[in-house]
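Heads up: the structure comes next, in structure tokens.
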Number of protein chains: 2
Amino acid sequence: MSRYKLTLEYDGTNFAGWQIQPNQRTVQGVLTTRLGWLLAEEPSITGAGRTDAGVHALGQVVHFDAPAITDRAEFLQRLNAALPDDVCGLGLQEAPGDFHARYSAIRKIYHYHLTLGPSAFAKGRSWRLPGPIDWGDVETATAKLVGNNDYAGFCLAGSQKEDNHCQVEIAHWRRAEREAVFEITANRFLHRMVRLVVGTLVDIGRGRWRPAQIDEILESGDVRLAGQAAPPEGLYLVRVEYP
Amino acid sequence: MSRYKLTLEYDGTNFAGWQIQPNQRTVQGVLTTRLGWLLAEEPSITGAGRTDAGVHALGQVVHFDAPAITDRAEFLQRLNAALPDDVCGLGLQEAPGDFHARYSAIRKIYHYHLTLGPSAFAKGRSWRLPGPIDWGDVETATAKLVGNNDYAGFCLAGSQKEDNHCQVEIAHWRRAEREAVFEITANRFLHRMVRLVVGTLVDIGRGRWRPAQIDEILESGDVRLAGQAAPPEGLYLVRVEYP
């Protein structure tokens with residue numbers, strides 16, 4: 001058996017998230033079945049991040065073990081022919097036997113897309129936000145997110161762990177007239193962290209809170225001080241990096 | 001009554017094209033009904049271009065007559081609230097009484113999106129093209145399209161007119177690793193012209209014909225020498241320009 005690293009793209013709209021669940025269409029479930037068609041048996045697949053229902057990926061990474069695949073390009077082509085339209089493999093590499101899609105990752109990059117004003121193409125792909133945003137306040141608040149902080153206050157209640165520290169290297173907004181994209185890079189992310197961060201930043205931009213709300217949430221670790229999680233359809237797992 | 005110029009964006013996926021037809025969901029039909037909700041009665045709407053089923057618009061322009069609209073920004077907001085998710089108004093201006101969305105236009109810009117290789121997001125938005133393309137040949141052929149030519153050979157059989165000349169100002173490809181976008185600007189377009197041009201260019205890129213096939217199609221005016229029309233989902237009416 002060899003270990004393989006597979007990079008995936010998927011449109012999360014019609015998936016009940018990444019993780020396999022009975023009687024639900026999930027990315028892990030579909031991928032397991034279709035890989036099973038090509039291999040001798042269904043492999044056990046581990047993903048770098050368990051994206052929620054509706055969340056997209058431009059560069060999810062998974063690992064699985066399989067008998068040696070001699071022509072990886074041809075295998076990837078056959079896999080893509082077997083996969084439905086909304087998920088595809090972008091790259092397949094052989095990896096060291098101790099490579100782990102989740103635990104070997106040193107960095108992940110997520111983007112969150114906001115659509116400002118009307119759009120005919122945003123549905124399922126972006127959070128369509130009516131009304132004005134104070135970008136000065138949003139940017140002041142965003143700058144407070146960078147650094148090594150305890151992010152328990154931006155984690156789905158009940159899923160906090162012993163250590164909720166994340167090293168956020170980059171958090172910034174790329175803005176155009178009709179779209180704004182939040183880009184965040186960290187060594188790890190907690191459950192629903194990006195959506196809670198974006199929901200809170202949007203509340204700040206709408207004037208519900210001052211930017212100092214971010215400090216209070218980080219210091220207290222109390223998710224009840226954060227905003228609602230932003231909807232899943234704006235979130236993209238863009239890249240997972242390894243040493 | 002005043003004349004109004006409205007700029008529209010729509011995702012053509014779930015429309016049976018622009019033009020109103022009984023028992024079909026069309027952009028003109030939906031827009032007529034929803035404008036009728038806001039105005040005293042349903043206006044007669046004229047579009048700059050009659051896009052086919054599945055074809056998108058980023059900047060379709062229409063005109064209609066209505067009693068004076070005092071607050072156009074507020075009217076546009078109410079119109080967008082009344083319109084479904086896949087069509088929206090981007091701008092509303094008062095126009096001279098003789099303004100005509102179609103006949104006053106001096107220039108239109110279309111884009112055609114090709115996806116090269118696998119993609120989870122291309123469905124309904126781009127033509128997903130498997131296999132390699134000889135871009136050198138495609139670019140040689142594309143250059144032959146620029147100029148004032150008789151385009152009868154790139155017009156749906158039976159819809160040719162007395163004069164099939166088009167002044168093509170720009171025809172070029174913008175390419176990235178996984179996507180190629182064909183951009184074409186002309187004073188007018190014939191029925192199905194862009195899709196027939198793209199279908200033929202792709203055939204040339206796949207080695208079915210040499211670039212000189214373009215000369216033969218233009219000289220003969222015989223659409224049977226052209227390739228199949230490229231599928232509608234890759235085509236976008238990007239902009240309509242007026243004096």
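If the reach is capped at under 21 angstrom between alpha carbons, list the lysines near A:Lys108, excluding any in the same chain fewer than eight residues apart.
Hits, sequence-local ones excluded: A:Lys5, A:Lys144, A:Lys161.
From Cα pairs below 8 angstrom and at least 6 apart in sequence, can you work out the relative contact order of chain B, rounded to a whole percent?
Here the relative contact order equals 24 percent.
So which lysines can B:Lys123 reach, going by Cα to Cα under 18 Å and dropping same-chain residues fewer than 8 places off?
By straight Cα distance, B:Lys123 reaches A:Lys123.
Suppose we look only past 26 Å in the calculated P(r) of region B:104-243. What percent of the Cα-Cα pairs does that tail hold?
Here the long-distance tail beyond 26 Å is 18 percent of all Cα pairs in region B:104-243.
Shielding of B:121-127 by partners, i.e. mean partner chain Cβ atoms within 10 Å per residue? Display every interim value, and only then the final one.
Working: counts 10, 4, 4, 1, 2, 0, 0.
The shielding value for this peptide is 3.
Would you please name the GluC sites (Glu not before Pro) within region A:80-171 that are DSSP coil residues with at most 16 other C-beta atoms within 10 Å of their C-beta?
A:Glu162
What spacing in nm lies between the two simple spin-label points modelled at A:Gln93 and A:Arg50, each 7 Å away from Cα in the Cβ direction?
It is 2.6 nm.
Can you give me the distance in nm between label points at A:Lys123 and B:Lys123, each placed 7 Å from the Cα along the Cα-to-Cβ direction?
1.5
As a test of the formula, what do you get for chain B when each DSSP H run with n ≥ 4 contributes -39,500 (n - 2.57) and the sum is divided by the residue count, at 222 nm and rounded to the nearest 500 deg cm²/dmol?
One gets -6500 deg cm²/dmol as the mean residue ellipticity at 222 nm.
Using just the Cα positions, wrap chain B in a convex hull and report its mean projected area in square nanometres, one decimal place.
Its average projected convex-hull area is 13.9 nm².
Using DSSP to call loops (not H, G, I, E or B), can you name the chymotrypsin sites (Phe, Trp or Tyr not before Pro) in region B:44-120 whose Cβ has at most 10 other Cβ atoms within 10 angstrom? Intermediate values should be presented prior to the final figure.
Details: sites: B:Phe64, B:Phe75, B:Phe99, B:Tyr103, B:Tyr110, B:Tyr112; in loops: B:Phe99, B:Tyr103.
When the chymotrypsin sites (Phe, Trp or Tyr not before Pro) of region B:44-120 are filtered for loop state and at most 10 Cβ neighbours within 10 Å, B:Tyr103 remain.
Of all trypsin sites (Lys or Arg not before Pro) in region B:173-243, which ones are in loop regions per DSSP and have a Cβ with at most 12 other Cβ atoms within 10 Å?
B:Arg208
If you find the alpha carbon centre of region B:53-117 and of region A:189-243, how far apart are they in angstrom?
If you average the Cα positions of each part, the centres end up 36 Å apart.
Take the protein assembly as shown, compute every pairwise Cα distance, and split them into 20 Å bins from 0; I just need the percent in each bin.
Distribution as computed: 21, 46, 31, 3 percent.
Taking a temperature of 25 °C and a viscosity of 0.890 mPa s, what whole-number D in µm²/s does Stokes-Einstein yield for region B:2-95 with Rh from Kirkwood over alpha carbon pairs?
Here the translational diffusion coefficient equals 187 µm²/s.
When the C-alpha atoms of region A:152-208 are aligned to their principal axes, what extent does each axis show, in angstrom, from largest down?
Computed over region A:152-208, the largest-to-smallest principal extents equal 42, 25, 13 Å.
Measure off 7 Å from each Cα along the Cα-to-Cβ vector at A:Ser159 and B:Arg102, then give the distance between these two points in nanometres to one decimal.
Rounded to a tenth, the inter-label distance reads 5.4 nm.
Taking only Cα atoms, what is the 0 to 90° angle, nearest 10, from helix B:72-82's long axis to the longest principal axis of chain B?
Value to nearest ten degrees: 70.
Tell me, rounded to the nearest percent, the portion of alpha carbon pairs in region A:171-243 spaced more than 19 Å apart.
38
Readers should treat all values here as calculations from the given coordinates under stated rules, not as data from a laboratory. Because the structure is predicted, anything quoted here is derived from the model rather than measured. With ideal geometry, Cβ positions are generated from the backbone for all residues, glycine too; neighbour counts draw on all protein chains shown.
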